[in-house]
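Remarks on the structure that follows.
The values are calculated or read from the model by the stated rules, or taken from the named source; none is laboratory data. Please read all numbers here as calculations on a predicted model, not as lab measurements. Every residue, glycine among them, receives a Cβ derived from its backbone with ideal geometry; neighbour counts consider all protein chains shown. Remember, those area values only see protein heavy atoms, side chains included, never the ligands or the DNA or RNA. Shrake-Rupley method; radii C 1.70, N 1.55, O 1.52, S 1.80 Å.
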Amino acid sequence: MADLKLEVLQTGLRFPEAPRWHGDRLWYSDMYACEVRSVDLAGRSEVHARLLDPTSGLGWLPDGTLLVVSMTDRKLMRVETGRASLHADLSNLAPHHCNDLVVDARGRAYVGNFGSDISAGGPPTPTCLILVEPDGRTRIVADELVFPNGMVITADGRTLIVAETFASRLTAFDIADDGSLSKRRVWAELGGPMPDGICLDAEHGVWVASP
């Protein structure tokens with residue numbers, strides 16, 4: 001780690017969020033610009049979609065179609081040839097803004113949400129995790145999560161790990177064949193740091209970004 005070199009790839013962004021490595025490029029949402037963008041390791045950037053609402057979590061269906069969370073209207077959008085269309089309306093299940101997501105190998109998306117208006121200064125309200133099937137059907141698969149944020153699925157597809165930001169912990173679930181979640185357990189107590197985005201390395205270690 002002593003030889004680690006940090007390098008700025010891109011500047012001038014408003015609020016880069018939800019980074020994902022895909023197709024030899026780093027993809028991310030520029031949240032308040034309402035854009036989905038990517039950049040290569042030479043710093044060459046591209047805008048892939050512009051929405052009417054702040055953007056957050058990103059993932060891909062098995063056929064390569066991009067999914068992106070549209071935050072304040074609580075929708076999951078699909079992007080094809082640069083145009084966004086509705087994949088699923090989550091407003092009847094998510095009590096407040098939606099945020100990050102993870103998509104499994106079958107195209108099922110797990111989407112988190114704020115739970116309440118934390119910007120108003122009130123305490124965080126435990127909330128749910130929503131499953132979106134590849135055909136757009138939705139259902140709640142977990143509840144009582146304290147600001148479910150970044151998520152990963154282990155390489156064998158059997159475990160989902162979610163960052164509970166205001167609980168300062170990572171929580172794991174077993175994933176059933178139908179996408180349901182069970183056997184909730186604490187994956188890691190962080191003892192203060194608030195986990196936001198997370199990712200999984202080749203040795204099954206979880207890396208945590210704490211704002």
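Table for the structure above
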{"item": "Diffusion coefficient, µm² s⁻¹, Stokes-Einstein with Kirkwood Rh over alpha-carbon pairs of the range 71-182 at 4 °C and 1.567 mPa s", "result": "91"}
{"item": "Listed residue (LEU93, VAL141, LEU66) projecting farthest to the positive dipole end of the chain, Cβ model", "result": "LEU93"}
{"item": "Cα shape, the chain, gyration tensor, a/c 1.5 rule", "result": "rounded"}
{"item": "Nitroxide proxy distance, nm - points 7 Å out along Cα→Cβ at ASP177 and LYS5", "result": "5.0"}
{"item": "Model label zone, ARG184; criterion: amide N under 12 Å from point 7 Å along Cα-to-beta-carbon; scope the range 136-156", "result": "141-148"}
{"item": "Cα gyration tensor shape of the range 24-79, rounded if a/c is under 1.5, else prolate or oblate by comparing a/b with b/c", "result": "oblate"}
{"item": "In order through the range 31-39: 3J(HN,Hα) via Karplus (6.51 cos²θ - 1.76 cosθ + 1.60), integer Hz, x for Gly, Pro", "result": "3, 7, 8, 6, 10, 9, 10, 9, 9"}
{"item": "Packing-based order for 166-174, 3-11, using average beta carbon neighbours within 10 Å, highest first", "result": "166-174, 3-11"}
{"item": "Separation in nanometres of the label points that stand 7 Å from Cα toward Cβ, at VAL47 and ALA202", "result": "3.6"}
{"item": "Amide H partners (placed H, <5 Å) of LYS75, local residues excluded", "result": "SER70, LEU90"}
{"item": "Sequence of VAL162, VAL208 when ordered by accessible area, the most exposed leading, probe 1.4 angstrom", "result": "VAL208, VAL162"}
{"item": "Estimated vicinal HN-Hα couplings, Hz - the range 148-158 in sequence order (Karplus 6.51, -1.76, 1.60; Gly, Pro = x)", "result": "x, 10, x, 9, 9, 10, 5, 4, 7, x, 9"}
{"item": "The range 90-168 and the range 185-200: distance between their alpha carbon centers, rounded to Å", "result": "15"}
